[in-house]
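Chemist: Input: one structure, supplied below.
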Amino acid sequence: MKFLRLLLVLVALAALPPAPEAHAGERPLPDPVEGSRLFVRKGCVVCHAVDGEGGKIGPDLGRVSTGRSLLGIAAVMWNHSPIMTERIKEVKATRPKLTPEEMANLFTFLTYTGYLDVPGDPKRGADMFRDRGCARCHGVGGSGGGIGPSLDRFKRYVSPISLATAMWNHGPQMQTMMQQLGVVRPQLSGGDIADLLAYIRAAGRGGPEGAIYLLPGNPQRGAQVFEEKRCATCHGGRDAPGGIGPSLRRTREGQKRGLTEVVALMWNHGPAIWKKMAELGIPVPSLTGQEMADLVAHLYSLHYFDEPGRSDRGRDAFASKGCAACHGPAGRGGAGAPDLTKTLGKASPIEIAATMWNHGSAMAQEARTRGLPWPNLEGRDLADLVEFLRAGGRKK
Ligand code: HEC
Ligand code: HEC
Ligand code: HEC
Ligand code: HEC
């Protein structure tokens, strides 16, 4: 069943038009279709399943990627690298080398299969539906509401992105109604929207019609939607300087990053966005669920490459995680480990992550020889380390 779904997704993805040429100086956007091919070609599929289908030697990767940034996935892979390397030897396969582009494509594929149906908590969703005031206007399963439409039709939708899209499209009218009835407009996080949908799916009334899935968002198509729906006018794009809305190319410090977080941000900032649109005479764009999924994928792919790390924290992590034991306190090389500041000073985060993966097996060997523990990293540590290495081992 799941495999069929994955196949369907892959077939649909493969039918997309080819990636547009990247403009000079722009990194090409990651391509999930190419990522799915790499998953097979690089032999990951021998050991890993994605959503149930595939090898059983390693864990199913359909879930690891949920809510993780690209560097977050790279960190998880780094942490498991020594054991993975052992297993690869046991099955007499070769440990795949990855170029930065390959790594980005592969992880983009994993991210999009992982977020198809972010699981929500129906109980939490029920409480929220009541406490945040949705129940005052909306009915679910025949009870409550009456002011707004019944939300039972969302029972069939699997992705929180679908619910969020309908909320965006009806947002301005809902806001007016909330003002009239004195309902405080709730602020939501991506997790909240998944929980709300889980509640509707559990409690909603409806026949046994088929579930409606979204295809994984495609960052390249999302880039087109971003231009066509005029998001670029305010946020900056190919020909527009932006500056009217905040730049969406960088996640702010402390901001949660996950595919559904972006739609939650759009909901939370909705009233301010619509006000600006009215001022500039830009109509509020209506989006289909698929367009929203593509948009989100596009924004997410921009964020991927700009995860904000800090070199001062990176310097601390370099020492506390044990990198300094081999590479020296400033990364300038130590006994037997190379100087990291020379080659990596200009590298992008994903280039550094790919380099670390490619040298991981030799590093694990060296750690075993010296009796050093393998440094365990979080996505944030990796972002900080990358900043530190890019700053040439200086605090900045
Ligand atoms: C020979 C088998 C094998 C191959 C090939 C392999 N892996 Fe793994 N992988 C494993 C095992 C076993 C683990 C669990 C290691 C542990 O427990 O520390 C793992 C763990 C992981 C994890 C962490 C998962 C989690 O839930 O924490 C990621 C991510 C990952 N592998 C990605 C990949 C990718 C991407 C490829 C292809 C480039 C790949 N692996 C190839 C065996 C393999
Ligand atoms: C003050 C009343 C009110 C509140 C509170 C309210 N809504 Fe609405 N909602 C409406 C109205 C009215 C519409 C229809 C707007 C239109 O016709 O464009 C609507 C439309 C929607 C739609 C689109 C329905 C469809 O079939 O496409 C969704 C989804 C939705 N609301 C979800 C929510 C959620 C989730 C909450 C709580 C976080 C919420 N609403 C809170 C009044 C409200
Ligand atoms: C008319 C100008 C305008 C247009 C068009 C516009 N936005 Fe915005 N956007 C804004 C403003 C202004 C804010 C900040 C609102 C605030 O401060 O609450 C914002 C905020 C956001 C945020 C939250 C950013 C953050 O980091 O907190 C997201 C996400 C977003 N917009 C996405 C979009 C998307 C996607 C589109 C196209 C469908 C779009 N916007 C179209 C003006 C616009
Ligand atoms: C046990 C010693 C040891 C530890 C601990 C260690 N490394 Fe290494 N590292 C090495 C060795 C040895 C090499 C060269 C491997 C090779 O030739 O393939 C290397 C290579 C690298 C490279 C590739 C350099 C290049 O120019 O291609 C990077 C990047 C790197 N390490 C980063 C790190 C980071 C970041 C940490 C901490 C999370 C770390 N290393 C921890 C020993 C270590």
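Chemist: Give me the number: length gained by fully extending ALA278 to GLU90, i.e. 0.36 nm times residue separation minus the C-alpha to C-alpha distance, one decimal in nm.
Modeler: Details: separation 188, 0.36 × 188 = 67.68 nm, distance 6.31 nm.
So the extension gain works out to 61.4 nm.
Chemist: So which of LYS42/LYS89; LYS56/LYS89; LYS123/LYS155; LYS56/LYS123 end up more than 22 Å apart by C-alpha?
Modeler: From LYS42/LYS89; LYS56/LYS89; LYS123/LYS155; LYS56/LYS123, over 22 Å: LYS56/LYS123.
Chemist: Take the Cβ-Cβ distance between THR99 and ASN268 as r, set R0 to 25 Å, and report the resulting FRET efficiency rounded to the nearest 0.05.
Modeler: E(calc), rounded to 0.05, equals 0.10.
Chemist: Only residues of region 152-195 count here: report those whose backbone N is under 16 Å from the spot 7 Å along Cα→Cβ of ASP127, or say none.
Modeler: Of the residues in region 152-195, 189, 191-195 have backbone N under 16 Å from the label point off ASP127.
A short reminder: the numbers here are calculations on the coordinates, not readings from a lab. In this text the structure is predicted, and so the values were computed from the model without any measurement. In this analysis, Cβ positions are derived from the backbone assuming ideal geometry, glycine residues included, and neighbour counts consider all displayed protein chains.
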